[in-house]
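Right, one structure below, let's go through it.
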Amino acid sequence: GMVADVGTLQRLPKLIPLGIVKELAYTGRRLPASRALACGLVNEVFSSQEAMLEAALACAREIAAKPPVAVWGTKQAVHYARDHSVDDSLRQMGWLQGAVWSNRHVGEAVGAMRERRAGDFPDLAPVQRFSELG
């Protein structure tokens with residue numbers, strides 16, 4: 001035998017209860033879809049690949065209709081909070097909100113909501129590595 005690798009034992013305890021992680025790791029059992037759903041590892045189980053794809057695309061369209069800067073900021077906050085204290089995460093949220101509220105997507109989102117229309121959000125600037133900045 002061997003120990004699970006490629007980050008499995010480092011990531012799973014942050015996603016599902018430790019008891020389930022230990023059971024799966026110690027026994028090497030497979031995790032059927034219904035149990036993955038029950039322990040919160042997946043959001044939903046579908047009857048077919050077509051149903052899954054239809055639901056995934058509907059979700060993607062719903063997310064794509066939101067202000068890109070809000071989706072970006074939410075991703076940053078959720079991923080940061082997973083591995084940091086509440087205090088550190090609240091501090092990080094303050095920095096994020098400072099950046100988000102100075103973005104033109106906020107004005108467009110408020111205007112679209114007031115006018116009861118879909119927002120028209122320009123693309124975000126591509127992310128650059130620090131080494132690429134002049």
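Among the residues of the range 101-133, those that are of a type in the set (Asp, Glu) and either touching a strand residue (DSSP E or B) at 6+ places or on another chain (Cβ under 8 Å) or open to solvent by 50 Å² or more (accessible area, probe 1.4 Å) (or both) comprise Glu115, Asp120, Asp123, Glu132. Taken together, Val86, Val45, Val78 contain a single residue that is exposed (fewer than 10 other Cβ atoms within 10 Å of the Cβ) and within 29 Å of Leu12 (Cβ to Cβ), which is Val86. Ala60 falls short of the stated requirement of being under 30 Å from Val110 (Cβ atoms) and open to solvent by 70 Å² or more (accessible area, probe 1.4 Å).
Taking the range 28-134 as the region of interest, the helices (runs of 4 or more DSSP H) fully inside it that hold 1 or more residues being touching a residue at least 12 places away in the same chain (Cβ under 8 Å) and more than 29 Å from Ile16 (Cβ to Cβ) are 68-83, 86-101, 104-114.
The values are calculated or read from the model by the stated rules, or taken from the named source; none is laboratory data. On a predicted model such as this, the values are computed, not experimentally measured, just so you know. Glycine gets a Cβ as well: all are built from the backbone with ideal geometry, and neighbour counts include every protein chain shown. What goes into the accessible areas is simple: the full protein's heavy atoms, side chains included, and nothing from ligands, DNA or RNA. Shrake-Rupley method; radii C 1.70, N 1.55, O 1.52, S 1.80 Å.
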